[in-house]
Amino acid sequence: MHEKAAVEVAGLVKRYGGTTAVDGLDLTVEHGTVTAVLGPNGAGKTTTVEICEGYRKPDAGTVRVLGLDPVADGAALRPRIGVMLQSGGVYPGVRAGEMLRHMAALYAHPLDVDALVERLGLGSCGRTAYRRLSGGQQQRLALAMAVVGRPELVFLDEPTAGLDPQARRATWDLVRELRADGVGCVLTTHHMDEAEELADAVAIVDAGRVVAHGSPGELCRGGAENTLRFSGRPGLDLASLLRALPPRTGAEEVAPGAYRLHGTVDPQLIATVTSWCAQNGVLPDRIAVERRTLEDVFLELTGKELRS
Ligand code: ADP
């Protein structure tokens, strides 16, 4: 029988000296789903994931992965999870194919090594020493090592950072197939499109806490204000336009002749805008209705200033 959830983290705290890297983080990952953990640099994503993998000890809070304590039950947990670390964790001299075969031999029902090597485009480097692989090849090997044992749950830390578009697609396809096979996945990523493509659930982490959690659709709709853009001649009388529109609509001229309205954009609002334009001799050009993207939500929640 399955436990309630694949990952259950409650009140997690981790400090490094004076730095509180994780500050009361709660996270639940359902079985067989893909959860993306998004956050600015230094938000505490890697620390959280490494605690779930049993590589670090929490200072406070509880962590259960497949119902087990990653530190106390590490020996029982390790064969059931797959881990892709950012920094490989591979001896520099070992050959890629050997490494993968060695990994596969540790598991009861591994994937077919040759097929996996082929589909991740590693066919030509089976006999190449790890240190001689390119960065992208090392990364694809790390991914292969995480999944070759057909684990119940995989942790992927920025699996596509620095990969070319083909390798990104191959990685996404692999994650989708694992999911179709019932394998859950926790992935940290900086790529909003990756989260939108792959994730059933997204947890946005900032300053060591989860500040939003939900499906990409829920996060983009939640409190959403949609946007209407149109072009016209510069300097339109926006105060007059706003008087025709519902009270909580906003309007700005973002560049000369480029207008952006935000509020509840529905057919009635569009009709009101075009009718105001007709009354004022304005030909509205390129009318577009836009929804908030995951990136908009992310920036609203975590701020727009750059993190070190
Ligand atoms: P993220 O993965 O979201 O970028 P991290 O978990 O790597 O965040 O880091 C969170 C915070 O903890 C950062 O301020 C980072 O500098 C600090 N930190 C991470 N690992 C260590 C460590 N081994 N020693 C000291 N500070 C660390």
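Checking R15, R64 one by one, the residue that is basic (K, R) and either away from the ligand (no atom under 16 Å from the Cβ) or under 25 Å from F298 (Cβ atoms) (or both) is R64 and no other. Among residues of the range 38-66 being hydrophobic (A, V, I, L, M, F, W, C) and in a loop (DSSP other than H, G, I, E, B), the one that is nearest to T20 (Cα to Cα) is A43.
Only one of the numbered conditions (1) touching a strand residue (DSSP E or B) at 6+ places or on another chain (Cβ under 8 Å); (2) surrounded by 11 or more Cβ atoms within 10 Å (Cβ to Cβ); (3) farther than 14 Å from P234 by Cα; (4) touching a residue at least 40 places away in the same chain (Cβ under 8 Å) is violated by R286, and that is (2).
Being at pLDDT 90 or above and among the aliphatic types (A, V, I, L, M) is a description that does not apply to L120. Answer yes if at least one residue in the range 67-82 is crowded, with 16+ Cβ neighbours inside 10 Å, within 16 Å of the ligand (Cβ to nearest atom) and not in a loop (DSSP other than H, G, I, E, B), and no otherwise. No, every residue in the range 67-82 fails to be crowded, with 16+ Cβ neighbours inside 10 Å, within 16 Å of the ligand (Cβ to nearest atom) and not in a loop (DSSP other than H, G, I, E, B). Residues that are under 22 Å from A5 (Cα atoms) and either within 16 Å of the ligand (Cβ to nearest atom) or in a helix (DSSP H, G or I) (or both) within the range 144-167 comprise A146, V147, F155, L156, D157, listed in sequence order.
Restricting the range 40-57 to residues that are buried (at least 16 other Cβ atoms within 10 Å of the Cβ) and small (G, A, S), which is farthest from the ligand (Cβ to nearest atom)? So, considering only residues that are buried (at least 16 other Cβ atoms within 10 Å of the Cβ) and small (G, A, S), the one farthest from the ligand (Cβ to nearest atom) is G54. Residues of the range 92-145 that are surrounded by 16 or more Cβ atoms within 10 Å (Cβ to Cβ), among the polar types (S, T, N, Q) and either touching a residue at least 60 places away in the same chain (Cβ under 8 Å) or within 21 Å of D173 (Cα to Cα) (or both): Q137, Q138, Q139. In the condition set (1) more than 25 Å from T171 (Cα to Cα); (2) open to solvent by 50 Å² or more (accessible area, probe 1.4 Å); (3) of a type in the set (A, V, I, L, M), A60 is compliant with all but (2).
Taking helices (runs of 4 or more DSSP H) as the structural unit, those lying wholly within the range 188-261 and holding at least 3 residues that are of a type outside the set (A, V, I, L, M, F, W, C) correspond to 192-198, 216-221. In this entry, A170 is excluded by the filter for residues that are in a helix (DSSP H, G or I) and within 25 Å of L12 (Cα to Cα).
Collect the residues in the range 142-164 that are modelled with pLDDT of 90 or more, more than 17 Å from the chain's Cα centre (by Cα) and either among the β-branched types (V, I, T) or over 15 Å from P110 (Cα atoms) (or both), keeping them in residue-number order. Correct list: V147, V148. Within the range 1-34, take every residue that is over 14 Å from E152 (Cβ atoms) and in a loop (DSSP other than H, G, I, E, B) and give me the one that is most open to solvent (accessible area, probe 1.4 Å). My answer is K4. The one condition from (1) at pLDDT 95 or above; (2) near the ligand (Cβ under 9 Å from one of its atoms); (3) farther than 19 Å from P159 by Cβ that V37 does not meet is (3). Please determine whether any residue of the range 87-96 is farther than 26 Å from V49 by Cα and among the β-branched types (V, I, T). For the range 87-96, residues farther than 26 Å from V49 by Cα and among the β-branched types (V, I, T): present.
The values are calculated or read from the model by the stated rules, or taken from the named source; none is laboratory data. Every value quoted in this text rests on a predicted model; they were computed, and no experiment measured them. Cβ coordinates were reconstructed from backbone atoms using ideal geometry, including for glycine residues, and neighbour counts include every protein chain displayed. The protein model used for the area step is the full one, side chains on, heavy atoms only, and it has no ligands, DNA or RNA in it. Shrake-Rupley method; radii C 1.70, N 1.55, O 1.52, S 1.80 Å.
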